[in-house]
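Beneath this line is the structure, given in structure tokens, with notes to follow.
The values are calculated or read from the model by the stated rules, or taken from the named source; none is laboratory data. All figures in this text were calculated on a predicted structure; none of them were measured in a lab. When we count neighbours, we look across all protein chains shown, and the Cβ atoms used for this are built from the backbone with ideal geometry, even at glycine. Only protein heavy atoms, including side chains, enter the accessible area calculation; ligands, DNA and RNA are left aside. Shrake-Rupley method; radii C 1.70, N 1.55, O 1.52, S 1.80 Å.
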Amino acid sequence: MFARLFILLTVFVMALQQSTSASAFHQAAYQWTTVPIGGGGYVTGLVIHHAEPDLVYIRTDVGGAYRLDAAQRRWIPIANTIGALHDNFAGVESIALDPSDPDVVYVVVGMYRREQLAAWGSWSPGDAHPAALFKSTDRGTTWARLNIEPSSGANEDWRWVGERLAVDPHDGRIVLFGSRSEGLWRSSDAGSTWETVAALPLSAHPGAGVLWVAFDAHSGSPGSPTPTIYAGVYGRGVYRSTDAGATWTLLIDETIPPGLSPQRAAIATDGTLYVSFIGTAAGIPGVFKLQSDVWSNITPEDDLAYNAISVDPANPARVVVAQDNPNWGNRLFYTDDEGVNWREIQHEATFTAPWYLPEMFGAAVASLNFDPHVANRVWMTDWYNVWVTDSIGQFPSQWSTITAGHEETVVLTLETPPNGAPLISGVADVTGFAHHSITDYALHNILRFSVQDVTGIDYAEDEPAYLVAAAGRRHNNTGAGAYSRDGGDTWMLFPSTPPGAMHGKIALSSDGASIVWIPSRQSPYYSADGGTTWEPSSGIPAGTVGILWDTEHPLAADRDTPGRFYLMVENTLFRSDDGGVTWQPLHEFQRSTTVRRPIPPPSERVPEVSAWAVDEGFRMVQTLPGEVWVQLGSGLYASQDAGENFTRITGYDAMRRFALGVPAPNASRPTVFLWGIVGGVEGVYRTVDAGAAWTLISTPDVPIFSISHLRGDRQVFGRVYLGLNGRGIWVGEPHSVMD
């Protein structure tokens, strides 16, 4: 998403827990919405239907696809059912519309290629294919999986390039897909069957492949395949076919030597081809046009690389292009004479979410698109948002974000203090927030971007306004810790950090006197002076907490006893009673059996129940006053005596996450929330009597997939938060206290 770094996919293995009682549940009336953050993730592409105004779609690297609701000025997520099929399907590699049918949309999904997953140990031959191509004939309301298994890397390098997927503007039966590893795929029956196109050479770099495919609508006529097609191949250059894809020719001359990597392209209505290159033979990237079979270098400034490019459908002389830079504030350029003269686009920007900074405009720009239906309207997508202006060509031009509905953050941690802001979040790339309102945007984020990712948060039970956070900066591999004394409104860095500390998990004692921080791949450190000094704990094995993206939360502070902490290592619960100085093993849990549930074959439509699984080693500890709860794989255990003895909670078929919330009225035990399967039905459940009865609280519109974190509200009975990997934060509340 950010800085073009990868989010490591954790592939879980289902562990089914055989309960001692029959699995049954009731249904409660719940209201589900998203907690507004506002974008926050990489929007890697945008497509507009040329026949119907306001029919606009966006794709994201880890957050699915969206369709514009122009009347409400918001985005509608359309890929929830796709993401539910496989953890890797949350990223959209490419998106394409059928120019002859506005109801048809195609998406290629898969965050990482199987080669990359195999290198991480997350995929092996025999596993379900981690990428797929889907087609919808109702604008994304329902989807059918097509019989093709492409290579896809929606969250890998080169995700910001042009659309790899394209539908013939003159013959909607013809669909092309430029893959990362297998070359060009072709369907001549609207996606029913596919074959590879051997005539187009493979990329010199299989991980990048065919970067884009574009039909020249200026050629051909309706009802017959478009004869002229262009394709950009990484490390080779631009290829052209003039016989509807049967043969291909590399377009080279002294201006465009072989070996170029064409990132994006735009074709004018007069057939002129505009291309942005990176890594030319001379090491100089640039912008070029092909007109009457002659290449011309029309680069705005020679010392910049370029990516996003678009030409005005109403005027082939008007072109916009964006600098290619993995940072904030990419420069934009405009020409109205086919690139003879360029002007840098001066802008005035209005953000929807108040925590955005002005310099974030145009961060790592992925796409620019002239709107074919509105004069002077241009769309732009970047690291965080979708932008639009109706005044391109004016200096300055006026830009604003369309943010509502687009929630794309990767949630790394959630906490729910008993008073003050009901929710504190830690997220990737944009740090995190104190959510004083769950219906409006936060005013600012944690530490105002002086850190990148917040992976651990905790509060002092006796003083909930005192918060601590574990964080880091991926762009320079440094760690940071921070604290707040006002409930998360303002934050200060700790005076020091443990040696080599970065990210990890953190806990704060109930009285605020002791902090325990476990940095990634390290053992615990403790501080008794508010983070001024740190000392290593004793009695704990090394490597307790994994890498940044691990969703385990094995560390917790006791909510009653000052200086007491709990930590799960493998299948053993450790406890410290001296502020984290020393740790002793307290309880060893028995591991459970693991079972895989298969992914449906490509020929089947999207099923109602997703294929997901839990790693049997998943460790999680949560505490409330008088209660310690532990999850190990599929087992959920509760203790009311500081971890000395545990009772196994039953009544569910399988589980993946749990959370604790305030007790129900007139109840003494905490409310427990569960993401899992009860009575054969997957969903989010609630129990108010320690598992004696379970209530289904999720609804079909809730994206029950990639839930990285579950937290129960400590101020409102029945309220629960879902932290998703790429879809932000969802909140569910009962319609009434009786639900």
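Applying both filters, DSSP loop and at most 16 other Cβ atoms within 10 Å, to the trypsin sites (Lys or Arg not before Pro) of region 171-206 gives Arg173. Helical content of the chain, expressed as a calculated mean residue ellipticity at 222 nm, amounts to -500 deg cm²/dmol (DSSP H runs of 4 or more residues, -39,500 (n - 2.57) each, divided by residue number, nearest 500).
If you sort Met111, Met492 by accessible surface, 1.4 Å probe, largest first, the order is Met492, Met111. Rolled with a 1.4 Å probe across the full set of protein chains, the surface gives His475 an accessible area near 120 Å². Computed on protein heavy atoms with a 1.4 Å probe, the accessible areas place Leu586, Leu493 in the order Leu493, Leu586, largest first.
Extension gain, Ala204-Asp577: 0.36 nm per intervening residue step, less the Cα-Cα distance, totals 128.4 nm. In order along region 427-435, the phi-based Karplus estimate (6.51 cos²θ - 1.76 cosθ + 1.60, θ = phi - 60°) of 3J(HN,Hα) comes to 9, 7, 6, 10, 6, x, 8, 9, 8 Hz; Gly and Pro are listed as x. Relative to one another, the C-alpha centroids of region 567-588 and region 294-348 are positioned 59 Å apart. Placing dummy labels 7 Å off each Cα toward the beta-carbon, the span from Asp511 to Asp440 is 3.9 nm.
Applying the Karplus relation 6.51 cos²θ - 1.76 cosθ + 1.60 with θ = phi - 60° to region 122-138 yields 3J(HN,Hα) values of 9, 8, 8, x, x, 6, 4, 5, x, 9, 7, 10, 10, 10, 10, 10, 9 Hz, where x marks Gly and Pro.
What does the extension gain come out to for Ala29 and Gln584, with contour length at 0.36 nm per residue minus their alpha carbon separation?
Taking Ala29 through Gln584 to full extension adds about 195.4 nm, to one decimal.
For a label point 7 Å from the Cα of Ala375 along Cα→C-beta, name the residues of region 333-359 whose backbone N is under 15 Å from it. Answer for region 333-359: none.
Residue order by solvent-accessible surface for Glu463, Glu552, Glu348 is Glu348, Glu463, Glu552, largest first, with ligands and nucleic acids left out and a 1.4 Å probe. Computed from the Cα positions only, the extents of region 383-517 along the three principal axes stand at 59, 34, 21 Å, in decreasing order.
From the square roots a ≥ b ≥ c of the eigenvalues of the alpha-carbon gyration tensor of region 400-459, which class results: rounded (a/c under 1.5), prolate (a/b over b/c), or oblate? Oblate is the answer for region 400-459, as a/c is 1.5 or above yet b/c matches or exceeds a/b.
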